[in-house]
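Remarks on the structure that follows.
The values are calculated or read from the model by the stated rules, or taken from the named source; none is laboratory data. Keep in mind that what you see is a predicted model, and the values were worked out from it rather than measured. Heads up, the Cβs are rebuilt from the backbone with ideal geometry, glycines too, and the neighbour counts pull from every protein chain shown.
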Amino acid sequence: MNIVLDTNVLVAGLLSPFGTCGEIVRMVSSGELILSFDARILSEYDEVLSRPKFKFAKEKVDALLDYVVYRGQTIAPSPLNHSLPDSKDEPFLEVALAGKAVCLVTGNQDHFPIELCQGIKVFSPKKFLTFYKKQKNRKKLVKRR
């Protein structure tokens with residue numbers, strides 16, 4: 001499943017590996033989820049994960065980002081027609097639209113007003129896991145038929 005992952009979910013998943021966000025990060029690491037990104041998103045991941053306050057080992061951050069590039073999907077998006085409340089979030093929606101992502105997963109749903117998302121589903125981490133499990137169960141039912 002192709003998704004766009006907001007930086008806040010990635011950070012939360014690495015800080016709390018056994019929580020909801022941690023489960024999503026494990027799904028990315030296992031190849032179950034494919035991240036769509038562009039250079040701006042990758043740069044933000046690197047910048048935020050490299051902040052001293054998080055105390056993530058640089059070689060582990062580099063390895064994670066190398067994996068995202070290797071397994072993920074690089075997208076060349078177009079600018080949005082309308083600005084989001086926080087312009088720093090625009091690359092995430094632009095990539096989701098251009099990459100035809102199933103959804104965008106963020107801890108800041110209010111930064112992505114539904115009327116500006118042009119049909120892209122925006123889920124909190126918890127709602128995404130519920131959605132994902134329903135999709136997975138539907139596929140199992142279809143295979144049985």
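Scanning the stretch 80-114 for residues that are touching a Phe, Trp or Tyr at 6+ places or on another chain (Cβ under 7 Å) and among the charged types (D, E, K, R) yields a count of 1. Residue check: is LEU104 among the hydrophobic types (A, V, I, L, M, F, W, C) and either in a loop (DSSP other than H, G, I, E, B) or more than 13 Å from LEU5 (Cβ to Cβ) (or both)? So LEU104 fails the test. Filtering the stretch 40-51 to residues that are out of contact with any Lys or Arg (no Cβ under 8 Å at 6 or more places or on another chain) and outside any helix (DSSP H, G or I) leaves only ARG51.
Annotation note: of PHE18, PHE56, the sole residue that is surrounded by 14 or more Cβ atoms within 10 Å (Cβ to Cβ) and part of a loop (DSSP other than H, G, I, E, B) is PHE56.
For the stretch 21-39, the candidate set comprises residues that are in a loop (DSSP other than H, G, I, E, B) and closer than 17 Å to GLN135 by Cβ; within that set, the residue that is nearest to the chain's Cα centre (by Cα) is LEU33. Among the residues making up the stretch 113-126, a single one is within 17 Å of LEU10 (Cβ to Cβ) and either modelled with pLDDT under 95 or part of a loop (DSSP other than H, G, I, E, B) (or both): SER124.
Considering each residue of the stretch 65-75 in turn, none proves to be in a helix (DSSP H, G or I) and touching a Pro at 6+ places or on another chain (Cβ under 8 Å). Exactly one residue among GLN109, GLN73, GLN118 is within 17 Å of LEU35 (Cβ to Cβ) and touching a residue at least 12 places away in the same chain (Cβ under 8 Å), and that residue is GLN73. Only one residue in ASP66, ASP62, ASP46, ASP110 is surrounded by fewer than 18 Cβ atoms within 10 Å (Cβ to Cβ) and modelled with pLDDT under 95. Which one? Result: ASP110 is the single residue among ASP66, ASP62, ASP46, ASP110 that is surrounded by fewer than 18 Cβ atoms within 10 Å (Cβ to Cβ) and modelled with pLDDT under 95.
Scanning the stretch 90-98 for any residue that is in a loop (DSSP other than H, G, I, E, B) and more than 20 Å from THR20 (Cβ to Cβ) turns up nothing. As a summary of the residue check, GLY13 satisfies the conditions (1) under 18 Å from ASP62 (Cα atoms); (2) surrounded by fewer than 23 Cβ atoms within 10 Å (Cβ to Cβ) except for the one numbered (2). Out of everything in the stretch 76-107 that is more than 14 Å from SER43 (Cβ to Cβ) and among the β-branched types (Val, Ile, Thr), what residue ends up being surrounded by the fewest Cβ atoms within 10 Å (Cβ to Cβ)? My answer is VAL102.
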